[in-house]
Structure formats: structure tokens, C-alpha cells
């Protein structure tokens, strides 16, 4: 006895077919979709609670090993799991892809067949066929014409064959869930596309300087194709508004977008919550600093010295620099300030306070006349690009339209006129009371 190769191939193909059907059924399972949606929501919340894309020192300070948060959650675990950049981790993107696959499978396995079934109908030609409807009635009058007229007024689409009639309305309600699924899939595609093609950068730029985006904190795998290289940004002006108590109230940056020939393409004064957007790149005002000071000794030329922010162990922000008062740099003073408008304090090389000054006010130190002409501020910019945002917006628009469409009731009515009697029945997928009221109104009118 021998077994033909064709039989083996057929059995193998049947096994493969059964496996894929089971896999499709599992992926399209509503319970799996709910679990994945909860996982996406949970990890998205974690990305909101945990500051993203910060430096190592930030996580070491806020998530120390001793004592560990909840007894086990430390900065090492946080970084190893990728919770410092949740939205671009392989496991978060994998969940999005799996959830999108589940939605697609559910659409083709459930929603499209339901729409197709709604478009398939037949006439009821026997009174007993009305018994299977939850709402039906037998009238001892010939009322097919009157019912047809009433259904037409109520917006039903009528199909009639002699004494049998079929009517339906609200087929858009069957399309709504499909649009909802498409909208959610588009949102997921936009999120994934943004993760692979977007970037996040930070720059600290002194007033008057021009820069191109270089300090990328995070970039997707395909970001090299999207990095802006055809324009630069100039910080034309930086200024701070102070409250009457001397605290920083608001800070502003006048930015100009400049092409390679130096032509201004766009400009805007940005401040907190008022960014500049250009070619999909958004420039946010996030911080400020003091980058330098212009000083003059006696009648010497004006020269500029850099200023650095000093470590105060969390007790406030101050900046300082060292100013030489001898040509051979054997002697000098330290200049300390806390803002762009306040008093600047001068210390000698032994650390003793020897004087205070304000911009434009000369002071004598070490036998020379020291004048601070200006403090140069620098603006801290957070720069983001997410090409997936328009796709996400489109997905949300489709989602909202689909939700509204889903609330439309899909109603069906069958009518049969036979032997001086009229049989009427129908069903709907929602708004049952309203549908029953429509049917009873037509019955009462007869």
C-alpha cells in the first residue's frame, strides 16, 4: 500500500490553513484587543509620569537605588526597560503593531461581513416568516400602500415585488464601526511613523547667534532622511520680563528662519506655550541662561567673557566669570550675578566681597576702573519634529466621524399583503423603543 505525494501535500496544506484560521481568530478576538488597548494606555501613562529623554544624572537623582521606589524600581531598571523613552521602544511599537493587526483582522473577520450581510435581503412571502422577528403584527386590512408611503416619509429605502415589501434605513450605521477601526489604525500608523522619523533636540543659544540643529537627544531610525539641513535659525533678541518682586515672569526669544543665502524665511517671537513652527519642526521656549558679559577696563577696548552657571546645590541659579585686572593675568576679580537685571557682586582672589555694580556703572577694583556694559542672555530651545502628527490628526477625525456614524440605527421592515390581511415586522440594532414607536404609529394609522 502506498500514499501518493498529492495526498501528503493536501494534508499539509489543510494543516497550514487550519493553523492560520486559528491564528486569525485569536488575533481578531475582542478580548485580546481590550488587553492590548489597556497595555497601550498603561505604558502611555508611564511615559507621561516619568520624564522622557532626560540625562543620566536626572534619573539617578530621582530614581535612586537606595531607597528604591516601591522597593525595586531604580534608575538602572528604568533605563534597561526603556522607560526613559517609552514611545520609541521596540516593545511599545510592537504592541502598537499587534493592536493594529488585531483591528485589521477584526475588520475583515467581523465588520465587513456584517456590512455585507446588511446588504443582503429577501422578501418575506409567507406569514410564518414573520414569526422569527421580535416585532411583528398581523392587520386585518390591506394596508401595503399606506405603509409604503409612511416608510418613504420616514426615510426608508423601499424595495417592492408585487405584494411583498422590504425597507431599510441607516445602513451608514453599519459603516460606522469600520470607519472607527480605520481611524484607530491610521492613528497607530501615525504614531509608528512619528517614532521612526521624528526627532527631539535641545539647544542653548546666545543672543545674536545663528545655529543649525545639531544637539539631537533622540532620533528615530529614519530620522536622517528628515533632519532639516536647508535652513538655520538666528536668535535676534532675548529678553526677560520680571515681576515687581524681582522674580522671572516670562522670557522671550525673537527667532528668524534663514536660508542658505541669508534670506529670512520666517520669524516669530516665542515664549512659553507659544512656539515657532516651520516645515514640520517646532521650536519651544523652555529655559534661559547667561552666556557672557561685556566689560571694559579703564579705556581699554570692550571685550566679552563667557559666564558659567555655578553649582548651588539646588539653592538657586547664579552665574560667574573671572575678569583679569592685570595685563599678565596675575590678578583679577570674580563677577557673580543671578539674573540679567540685578546687582552684580565682585570678589577678589581671596574670596572677599570688594564691591557691587550694575550694567553701565563703573567701579574701582585693584586700581583699575571696571565697567560692566552688558550681560548677554541665552535662550534654551526644545526642538521637535514628528511627521506622524498629521496622520494622527487624520485618524482622530476618522474616529470621531465613525463614532457619530455608529450611533445611527440600522432598521429593517418587511411587509406582506395576503388574503385581505397585512403582515408587518421589523428589527433594529439600536434605539429599539424609537423603532417600535415608528411601527406602532404606522399600525395605528391603519
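Structure summary
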read-out: Test: residue in region 204-211 that is surrounded by 20 or more Cβ atoms within 10 Å (Cβ to Cβ) and part of a strand (DSSP E or B); value: yes
read-out: Output for region 153-176, where each listed residue is touching a strand residue (DSSP E or B) at 6+ places or on another chain (Cβ under 6 Å) and over 15 Å from residue 120 (Cα atoms); value: 155, 156, 163, 164
read-out: Boolean, residue 249 is part of a strand (DSSP E or B) and exposed (fewer than 15 other Cβ atoms within 10 Å of the Cβ); value: yes
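Where a number appears in this text, it was derived from the coordinates with a stated rule and is not lab data. Worth saying up front: this structure is predicted, and the values here are computed from it rather than measured. FYI the Cβ positions are ideal-geometry reconstructions off the backbone, even for glycines, and counts take in every protein chain you see.
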